[in-house]
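Below is one structure; the comments refer to it alone.
Since every read-out is calculated from the coordinates, none of them should be taken as a lab result. These numbers come from a predicted model, not from an experiment. As a convention, Cβ positions derive from the backbone with ideal geometry for all residues, glycine included, and neighbour counts pool all protein chains shown.
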Amino acid sequence: MNINKVMVIGAGQMGSGIAQVCAVSGYDVILHDLKQEFVDRGLGTIEKNLARQVEKGKITAQDKAAALSRLTPSIDLNNASGIDLVIEAAVENMDIKTKLFSELDEIAPAHAILASNTSSLPITEIAAATKRPEQVIGMHFMNPVPVMRLVEIIRGLATADEVYEAIEDMSKTLNKVPVEVNDFPGFVSNRILMPMINEAIYTLYEGVASKEAIDEVMKLGMNHPMGPLTLADFIGLDTCLYIMETLHEGFGDDKYRPCPLLRKYVKAGWLGKKSGRGFYVYN
Ligand code: CAA
């Protein structure tokens with residue numbers, strides 16, 4: 001299975017990061033979103049990231065220009081007609097994803113693999129919206145994508161071995177480390193990470209310590225690069241809540257109950273870094 005042309009759907013934080021690493025690694029990339037302004041913003045982020053790497057001497061100006069020339073903007077899903085792989089990084093909403101995958105199934109060539117960067121939604125259910133469930137797979141990148149080495153590869157119930165192997169090989173060409181995981185709520189990454197973040201929020205909610213103290217304990221005591229409340233702000237509190245709800249519903253166990261303080265912040269629009277306020281305030 002040869003992968004040369006990739007369509008990345010969603011030009012936000014994750015999608016633009018995925019498009020960047022694919023383009024830098026030599027793939028032709030179509031960066032697709034609903035509106036031109038979203039695509040332009042994503043391309044702007046990529047341009048800025050690559051310019052910083054040139055400044056630091058990590059890549060040359062020619063490498064940057066070559067990577068940018070491999071990126072094609074798109075607001076028309078029919079552009080998927082010539083691709084080998086789709087990596088979907090749209091919003092975390094099952095209805096939106098199933099609709100998108102069923103459309104892509106009609107448009108993309110028969111050999112194309114349809115991958116989702118979902119952080120916790122069932123790959124098997126997304127695959128069931130297509131007539132090619134054996135070619136649907138989870139390809140879960142971590143934020144910030146250009147920096148983090150992991151790609152969690154999730155096998156849906158029907159995912160074919162050749163498809164798994166093609167995605168594993170491709171992840172290695174992106175200079176990432178692929179890890180194989182089966183399709184259960186939250187996979188491995190978020191099943192372990194999110195309850196830790198949720199517990200940190202409960203610790204704040206119950207007045208055990210200040211937000212700064214909680215973060216300091218986990219940073220200095222456990223050698224985490226960011227404290228859990230800073231990390232929650234970085235990921236987005238709406239995303240954290242959504243993943244906890246997926247775990248709670250998927251396992252039916254109250255140990256995954258989202259902290260009421262997390263719900264309150266999301267209702268207030270305090271979504272973390274992206275909204276300017278979460279547990280901390282950002283300028
Ligand atoms: N985009 C691209 N590059 C970035 C970046 C971004 N948003 N943020 C930082 N970088 C780069 C910097 O340019 C720098 O690059 P060089 O080494 O080439 O100079 C490097 O990352 C380190 O950056 P800094 O020195 O500025 O900052 P740092 O050392 O504090 O590292 C960090 C920043 C990498 C984000 C680090 O704090 C970290 O690893 N945090 C934890 C991140 C994490 O846990 N991510 C997973 C979240 S969970 C998830 O994504 C899954 C999900 O489904 C929710």
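For this structure, a couple of remarks:
- FRET E, pair R149, F234, Förster distance 30 Å, beta-carbon r, rounded to 0.05: 0.95
- Under the membrane-span-like helix rule (DSSP H runs whose alpha carbons stretch at least 15 Å along the helix axis, mean Kyte-Doolittle hydropathy 1.0 or higher), the chain yields 13-24.
- q = 0.23, 0.25 Å⁻¹, the range 190-273: log10 I(q)/I(0) [Debye, one scatterer per Cα]: -1.13, -1.29
- Separation of the range 16-59 from the range 113-132 is 25 Å, based on Cα centroids.
- Surrounding net charge for T159, when Lys and Arg each add one and Asp and Glu each subtract one, Cβ distance under 9 Å: -2
- Orientation-averaged projected area, Cα convex hull of the chain (nm²): 15.0
- Annotation: peptides 156-162, 115-121, ranked by per-residue average of other Cβ atoms within 10 Å with the highest first, follow the order 115-121, 156-162.
- Helix-only arithmetic for the chain: the sum of -39500 (n - 2.57) across DSSP H runs with n ≥ 4, divided by the residue total, places the mean residue ellipticity at 222 nm at -14500 deg cm²/dmol.
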